[in-house]
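A short worksheet on the structure shown next.
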Amino acid sequence: MAWTRIADANQLQDEEVVPITLGSAQLALFRSAGEFHLTDNVCTHQYALLSDGYVEDGCVECPLHQARFDLRSGAALCAPATQPIRVYPVRVEGDDVLADV
Ligand code: FES
């Protein structure tokens, strides 16, 4: 795959998230603890959008049943989710957020 510009780095403050649609993929771009993270947007427990969740210290809490995921690894940190979310490589060049999706 190739690096693709997906956002302006200035559009997100720390501990914020925005939904990103790339083709048919529903993704979520997070800025947390000073780093950008790109993940699948749909929770692995049931259907909820993590872009509606609560972001803090490199983690997101699902808005529906409060499972938490590590934004670096995608790991599910607590019930009811048991499966990780997929994470994608992301980097910042100037004001551009680039992803390898
Ligand atoms: S849908 Fe995310 S924890 Fe249930």
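The values are calculated or read from the model by the stated rules, or taken from the named source; none is laboratory data. If you're wondering where the values come from, they're calculated on a predicted model, not measured in any experiment. Counting neighbours? That spans all protein chains shown, and the Cβs are built from the backbone with ideal geometry, glycine included. Heads up: the accessible areas ignore ligands, DNA and RNA and are worked out on the full protein's heavy atoms, side chains in. Shrake-Rupley method; radii C 1.70, N 1.55, O 1.52, S 1.80 Å.
Remarks
- Computed from backbone phi, the HN-Hα couplings of the stretch 12-29 come to 10, 8, 4, 6, 10, 9, 10, x, 10, 10, 10, x, 9, 7, 9, 10, 10, 9 Hz, rounded to whole numbers (Karplus: 6.51 cos²θ - 1.76 cosθ + 1.60, θ = phi - 60°; Gly and Pro given as x).
- Cα centroid separation, the stretch 66-101 to the stretch 36-55 (Å): 9 Å
- Principal axis extents of the Cα atoms in the stretch 41-87, from largest to smallest and rounded to whole angstrom, are 21, 19, 16.
- When the chymotrypsin sites (Phe, Trp or Tyr not before Pro) in the stretch 1-94 are filtered for DSSP coil states and for at most 11 other beta-carbon atoms within 10 Å of their beta-carbon, the remaining sites are Y47.
- Sequence-separation-based contact order of the chain, relative, with Cα cut under 8 Å and 6+ spacing, percent: 28 percent
- Residue-span extension gain [A9 to A79] - 0.36 nm each, minus C-alpha spacing: 22.0 nm
- Rolling a 1.4 Å probe over the protein heavy atoms gives the chain an accessible area of 53 Å² per residue.
- Label-zone membership for the stretch 64-101, site D57, 7 angstrom Cα→C-beta point, backbone N under 15 Å: 68-72, 77-78
- Taking amide hydrogens as placed 1.01 Å from N in the peptide plane, the amide H of S32 sits under 5 Å from those of E15, H37, each at least 5 positions away in sequence or on another chain.
- Surface composition of the chain: carbon and sulfur make up 46 percent of the accessible area, probe 1.4 Å.
- Rg/Rh for the stretch 3-90 stands at 0.93; both radii use Cα atoms, and Rh follows the Kirkwood definition.
- Around the amide H of L71, modelled in the peptide plane, lie the amide H atoms of C59, V60, all under 5 Å away and 5 or more residues distant in sequence or on another chain.
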